[in-house]
Amino acid sequence: MMNATESRPLKPRTRAVHAGTRRSRYGEVSEAMFLTQGFVYDSAEAAEARFIAAGEDEFIYARYGNPTVAMFEDRIAALEGAEDAFATASGMAAVNGALMAPLQAGDHVVSARALFGSCLYILEGILPRFGVDVSFVDGADLQAWREAIRPDTRAVFFESISNPMLEVIDIAAVADLAYAAGAMVIVDNVFATPVFQDTFGLGADVVIYSATKHMDGQGRVLGGVVCGSTEFIRKTLEPYMKHTGGAMSPFNAWVLLKSLETMDLRVRAQVASAQALAEGLEGVPGLSRVIYPGLPSHPQHGLAMRQMGQGGTVLALEVKGGQKAAFRFLNALEIVTISNNLGDAKSIITHPATTTHQRLTAEQRTGLGISDSILRLSVGLEDIDDLLADLTAAAGTI
Ligand SMILES: *Cc1c(COP(=O)(O)O)cnc(C)c1O
């Protein structure tokens, strides 16, 4: 049923509902949760044979693979247009694996500077300890990428839309520069979501997601996934992941399989609300700036439209006044909740300077544009009228 033919390839929404499904002999409609660590062999010889070479759909131990986790991996690979995927315990296990597995001492990496805090910790704190030389650039500055990429550059790394300032990176242009040097292109694509952007088509070699965000989308489980060629996933990433223990829980894979069925609907609704909120909040007294790639006022609006076709589910708001005004705004909200996740059905707002980006030095924050006046808003699934009223009323207290 899922064998899409060349003449009639299945659309992403169909793949998100069906791809990867493995039915047991009971013929269940909803995917089964195989909450098992181990697998039984019919004989000693069968055990030996499986350890020599596990066949398709043959499992050994849940740290290596599990049928429910395999369904999730296959569904994501189908959705993303990747040859293969490996599921991990969290988004950070995915980022760590995608970098640590292929890199070794003496390699050079060029990374965008504007990164999720834990990604920055790996690139700035961990990789250099093992002899990997990392150069940081302003991700939106193509000349900076051109100057930083060297003949010995092994990989480039960036978030396709940065957190929390929503800078859009020109994936195709950076990939061209990387290819000229023979470097692999590793993209953390969380903010763009798998719904909108053909990240492999734009030139990525490896695409990473935190499944914790839009894939779950309902604030329940942690998860991550690395997508890439079968060669990379099975020969480079899998040995590293299976021996270092960052495996996804089958329970979490099951939750994520069910939520992938609705991801397209949820994310499209969230984007429509984010666009309407961005337009509705621009010019509201109390706010000095609304940063959203879907607004013509965004410096990379054109690129965002070409690359993603929409502005995403996250906005950054700049309040008039500093931390005090920002906190007053947060504390006046009645529907939007103060938390640091994103991509959730619940609208969530955070003050990056005192939470997610607190660990950075004041100079680092200034360099990234994260002032005390900046708030990050992840738009959920509530009624747009209620959201706009809540945010407008809170802005009135600034
Ligand atoms: C959340 C996030 C991560 C980390 O994901 P976890 O599932 O929390 O480990 C990595 N990169 C980006 C851009 C994120 O937003």
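Please treat every number below as a calculation from the coordinates, not as lab data. Predicted model, so just to flag it, every value in this text is computed and none were measured. Virtual Cβ from ideal backbone geometry, glycine too; neighbours counted across all protein chains shown.
At 7 Å along the Cα-to-beta-carbon direction for both Asp133 and His243, put a label point, then send me their distance in nm to one decimal.
2.8 nm
If you plug each phi of segment 341-351 into the Karplus form 6.51 cos²θ - 1.76 cosθ + 1.60 with θ = phi - 60°, what whole-Hz ³J(HN,Hα) values come out, in order, with x for Gly and Pro?
Result, rounded to whole Hz: 7, 7, x, 7, 4, 8, 5, 10, 10, 9, 9.
Find the percent of Cα-Cα distances in segment 263-395 that exceed 28 Å, and round it to a whole number.
When all Cα pairs of segment 263-395 are counted, 12 percent exceed 28 Å.
Between Ile60 and Glu318, what length in nm is gained on full extension when 0.36 nm per residue of separation is reduced by their alpha carbon distance?
That works out to 87.7 nm of additional length.
Can you check what the Kirkwood hydrodynamic radius comes to for the chain, Cα pairs only, in Å to one decimal?
For the chain, inverting the mean 1/r across all distinct Cα pairs yields 21.9 Å.
Which of the peptides 27-34, 66-73, 209-216, 256-263 is most tightly packed, and how do the rest follow, going by the mean number of other Cβ atoms within 10 Å of each residue?
Going by the mean number of other Cβ atoms within 10 Å, highest first, we get 209-216, 66-73, 256-263, 27-34.
Suppose the Debye formula is applied to equal point scatterers at every Cα of segment 1-128; what is log10 I(q)/I(0) at q = 0.11, 0.23 Å⁻¹?
Cα-only, vacuum Debye calculation for segment 1-128: -0.59, -1.31.
Express in whole angstrom the spacing between the alpha-carbon centres of segment 306-343 and segment 160-201.
24 Å
Could you give the length gained on full extension between Arg23 and Leu35, defined as 0.36 nm per residue of separation minus the Cα-Cα distance, in nm?
2.8 nm
Given R₀ = 30 Å, FRET efficiency for Ser43-Arg220 by Cβ-Cβ distance, to 0.05?
0.15
For segment 12-259, calculate the relative contact order in percent as a whole number, restricting contacts to Cα pairs under 8 Å that are 6 or more residues apart. All intermediate terms of the calculation are to be shown ahead of the outcome.
Numbers: 465 pairs, mean separation 64.1, N = 248.
This gives 26 percent for segment 12-259.
With contacts defined as alpha carbon pairs under 8 Å and 6 or more residues apart, what's the relative contact order of segment 263-395 in percent? Walk me through the numbers on the way to the answer.
Working: 233 pairs, mean separation 39.4, N = 133.
After rounding, I find 30 percent.
Given R₀ = 51 Å, what would the calculated FRET efficiency be for Glu231 paired with Thr355, taking r from the Cβ atoms and rounding to 0.05?
0.80
Quick query: amide H of Met184 versus all other amide H atoms, modeled in the peptide plane; which residues come in under 5 Å with a sequence gap of 5 or more or a different chain?
Placed amide hydrogens put Ala155, Val156 under 5 Å from Met184.
Return the subset of Lys242/Lys346; Lys324/Lys346; Lys258/Lys320; Lys11/Lys258; Lys213/Lys242 for which the Cα-Cα distance in this structure is over 30 Å, preserving the input order.
Violating the 30 Å Cα-Cα cut-off are Lys242/Lys346; Lys258/Lys320.
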